[in-house]
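Heads up: the structure comes next, in structure tokens.
Each value in this text was obtained by applying a stated rule to the coordinates, not by laboratory testing. Please read all numbers here as calculations on a predicted model, not as lab measurements. Cβ placement follows ideal geometry from the backbone for every residue including glycine, while neighbour counts extend to all protein chains displayed.
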């Protein structure tokens, strides 16, 4: 039973499609199908129901995938342990994070860390916070940078940013002449939010409900710079984390802090407490302590 083949079969389970998995893994579809069939023959069970457009896990397949994830994690832990014994300051750290966090996290932490440890590389996977949490738990990534709250019992947690959200308005909007705004000022306004799956979107919607109104969502996007462009076109009001507002150079918009109440934007680094923490990961976590933006 080859661990690499197990990873390939797990990719089929994740994508529910042999052809798409083969493309992602740079394999031919017949080769990957043969690997799946070989594992089924070895285990003596059918892992996938192939009768529909998408392959689906059978009951035996679901049970097998749980164990396959554990096997892959154990082998990865073995490699990291042996690397540590060799005292290697090399390796790759896989970090999952939402794009809006990436815009702050990479220049503040990743770039200076790589200057100090040039032999440690990073693989950055951009996903929403909840997806990142799940990826950390299943072991497909090493660390995650996510918004609070998180399932604290499942993770090791290191604070990184404790800030608030600001709003972005068109320069001709009446609010543009103010020095700050409150949520109630936005009761009748068209709002431009991050797409579904982003924790920040849900925080804003819940804050609006707490303020006594439902958010009037006019547009949504997964890219923060597109949100700003939509505001620049006078199509609504957007929300951005205050640290990210420093990157906004569009002359057609104005940025106002939100007060009474504010909406917190608290970012933490998380890792799976049940998994082995490699030397390069420990170095990175220590480095984060010195470069945290939490006051």
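Listing for the model above:
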item	result
Highest average packing first - 115-125, 158-168, Cβ atoms within 10 Å	158-168, 115-125
Fluctuation leader among 209, 100, 109 - the chain, Gaussian network, Cα springs under 10 angstrom	209
Stretch gain in nm, segment residue 214-residue 16, where the contour uses 0.36 nm per residue and the Cα spacing is subtracted	67.6 nm
Tail fraction, Cα-Cα pairs, the range 162-265, threshold 16 Å, whole percent	51 percent
Spatial separation of Cα centroids for the range 169-212 and the range 87-161, in angstrom	28 Å
Length added when fully stretched, residue 222-residue 117, from 0.36 nm per residue minus Cα-Cα	34.7 nm
Kirkwood Rh in Å, taken over all unlike Cα pairs in the chain	21.6 Å
Highest-MSF residue in the chain out of 279, 37, 196 [GNM, Cα springs under 10 Å]	37
DSSP bridge orientation in the chain - percent antiparallel, rounded to nearest 5	60 percent
Measure of compaction for the range 3-83 (Cα Rg per 2.2 N^0.38 Å)	1.11
Alpha-carbon centroid distance for the pair the range 237-273 / the range 25-86, whole angstrom	41 Å
FRET efficiency, 1/(1 + (r/R0)^6) with R0 45 Å, evaluated for residue 291 and residue 184 via beta carbons	0.80
Estimated FRET transfer efficiency when R0 is 41 angstrom, pair residue 282-residue 2 (beta carbons, to 0.05)	0.85
Packing-based ranking, highest mean first, of 139-149, 8-18, 176-186 given that Cβ atoms within 10 Å are counted	139-149, 8-18, 176-186
Sites residue 34 and residue 70, calculated FRET efficiency, Cβ-Cβ separation with R0 22 Å, nearest 0.05	0.35
Principal-axis tilt of helix 59-85 within the chain, Cα atoms, nearest 10 degrees	90 degrees
